[in-house]
Amino acid sequence: MTTRAGRTLHGGKVAYAILIVAVLVSAFPFYWTIVAASRSNADLAQVPPTLLPGPNLLRNVEAVLEEADIGTALLNSLVVSGSITVGTVLCCTLAGFAFAKLRFRGRGALLTITVGTMMIPPQLGVIPLFMLIAELGWVNQLQSVILPGLVSAFGVFFMRQFLVQALPDELIEAARVDGASTARIFWSIVVPIARPGMAVLGLLTFMAAWNDFFWPIVALSSQNPTVQVALRQLGGGYVHDQSVIMAGTLLGTLPVLLVFGLLGRQIVGGIMQGAVKG
């Protein structure tokens, strides 16, 4: 790293040692998932447990495909998580722009109410929400999981705080002078500037929607599950087969890692581009 004064900063040995330990600790759960998914239940019961991958990965994956409809579950999770991510990023960016840069009556009160809803436990709304989707005939349908998650109070507050710092008032005033409408300002000015924040929000939203278990298991059944609901069907019996469960968990984790890798590059690229422009 080079400072404005021309000096180059280097991390010391202690800093590198701490980073290496942090990386190893963070990566070990995923590595253990691979090890457990490639072993048998008897291997996992050994003391001390083995720490090297075994030869049973394909066999355990076949058992996963036989015990649960993982293909349908993966497709449903992609549809649900993708729809929620697109809706949340778009709606929260619109709302964040309104709260950050537009002037209208009741703006402060509405923002306070929006942020205040984050303190309400989501479990309190499960019964009335289920009654609503049952009245609409949406039980065991994907829209019952998608629509309640299209907007989040956290996303609105996050994008509002991002745009307050990243979007200069002078750009909006110049666009107004040129005759641009609010919609044109949003699509031509706000969205390009907000891309790093939108990428971060999209990543967090996708991961949260993909890993959500509580509401999908209430609204969906085992015939039309998401990944987390389908994983509940694995390893059944008097003694749970942990290796099969871990194989299913590995299959359910790979798409999240793929999305993280793709959006992670966009986040870093957007931040660096903004820093160069600044």
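The values are calculated or read from the model by the stated rules, or taken from the named source; none is laboratory data. Just so it is clear, the structure is predicted and the values come from calculations on it, not from any experiment. No Cβ is skipped: glycine too gets one built from the backbone with ideal geometry, and neighbour counts run over all protein chains shown. For the accessible areas, the whole protein counts, side chains as well, though only heavy atoms, and no ligand, DNA or RNA atoms are used. Shrake-Rupley method; radii C 1.70, N 1.55, O 1.52, S 1.80 Å.
Keeping to the stretch 218-244, report how many residues are outside any loop (DSSP other than H, G, I, E, B) and either open to solvent by 10 Å² or more (accessible area, probe 1.4 Å) or modelled with pLDDT under 90 (or both).
Matching residues across the stretch 218-244 total 8.
Could you grab me the full set of residues in the stretch 208-217 that are within 16 Å of residue 143 (Cβ to Cβ) and open to solvent by 50 Å² or more (accessible area, probe 1.4 Å)?
Of everything in the stretch 208-217, just one residue is within 16 Å of residue 143 (Cβ to Cβ) and open to solvent by 50 Å² or more (accessible area, probe 1.4 Å), namely 212.
Could you look through the stretch 44-58, keep only residues that are closer than 14 Å to residue 245 by Cβ and in a helix (DSSP H, G or I), and pick out the one that is farthest from the chain's Cα centre (by Cα)?
The extreme case among them is 44.
Considering the stretch 58-79 alone, what residues qualify as being open to solvent by 30 Å² or more (accessible area, probe 1.4 Å) and either touching a strand residue (DSSP E or B) at 6+ places or on another chain (Cβ under 7 Å) or within 15 Å of residue 253 (Cα to Cα) (or both)?
If the condition is that a residue be open to solvent by 30 Å² or more (accessible area, probe 1.4 Å) and either touching a strand residue (DSSP E or B) at 6+ places or on another chain (Cβ under 7 Å) or within 15 Å of residue 253 (Cα to Cα) (or both), then 61, 71, 74, 75, 78 are the ones that fit.
I'd like the full set of residues that are more than 27 Å from residue 202 (Cβ to Cβ) and either open to solvent by less than 40 Å² (accessible area, probe 1.4 Å) or in contact with a Ser or Thr (Cβ under 7 Å, 6 or more places away or on another chain) (or both), limited to the stretch 138-152.
Once the filter is applied, which keeps residues that are more than 27 Å from residue 202 (Cβ to Cβ) and either open to solvent by less than 40 Å² (accessible area, probe 1.4 Å) or in contact with a Ser or Thr (Cβ under 7 Å, 6 or more places away or on another chain) (or both), the stretch 138-152 yields only 140.
Which residues, taken from the stretch 161-175, are open to solvent by 60 Å² or more (accessible area, probe 1.4 Å) and within 15 Å of residue 102 (Cβ to Cβ)?
169, 171, 173
Test each condition in (1) within 17 Å of residue 214 (Cα to Cα); (2) surrounded by 19 or more Cβ atoms within 10 Å (Cβ to Cβ) for residue 89 and report the one that comes out false.
The single condition residue 89 does not satisfy is (1).
Select, from 25, 64, 79, the only residue that is modelled with pLDDT of 90 or more, closer than 30 Å to residue 147 by Cα and part of a helix (DSSP H, G or I). Show your work before the answer.
Details: 25 fails: closer than 30 Å to residue 147 by Cα; 64 fails: modelled with pLDDT of 90 or more.
That would be 79, the only listed residue that is modelled with pLDDT of 90 or more, closer than 30 Å to residue 147 by Cα and part of a helix (DSSP H, G or I).
In the stretch 39-85, what count of residues is obtained for those that are touching a residue at least 24 places away in the same chain (Cβ under 8 Å) and either over 19 Å from residue 141 (Cβ atoms) or touching a Gly at 6+ places or on another chain (Cβ under 6 Å) (or both)?
16
Might you let me know whether the stretch 153-160 holds any residue that is in contact with a helix residue (DSSP H, G or I) (Cβ under 8 Å, 6 or more places away or on another chain), of a type outside the set (A, V, I, L, M, F, W, C), at pLDDT 90 or above and open to solvent by 40 Å² or more (accessible area, probe 1.4 Å)?
yes
Let me spell it out: the conditions are (1) modelled with pLDDT under 90; (2) within 15 Å of the chain's Cα centre (by Cα); (3) among the acidic types (Asp, Glu), and residue 212 meets all of them except one. Which number is the exception?
(1)
Just give me the residues in the stretch 176-193 being loosely packed, with under 14 Cβ neighbours inside 10 Å, hydroxyl-bearing (Ser, Thr, Tyr) and closer than 19 Å to residue 103 by Cα, in sequence order.
The one that is loosely packed, with under 14 Cβ neighbours inside 10 Å, hydroxyl-bearing (Ser, Thr, Tyr) and closer than 19 Å to residue 103 by Cα: 181.
Of the residues 134, 109, 98, only one is without any contact (Cβ under 8 Å) to a residue 12 or more places away in the chain and crowded, with 19+ Cβ neighbours inside 10 Å; which?
Of the residues listed, the single one that is without any contact (Cβ under 8 Å) to a residue 12 or more places away in the chain and crowded, with 19+ Cβ neighbours inside 10 Å is 98.
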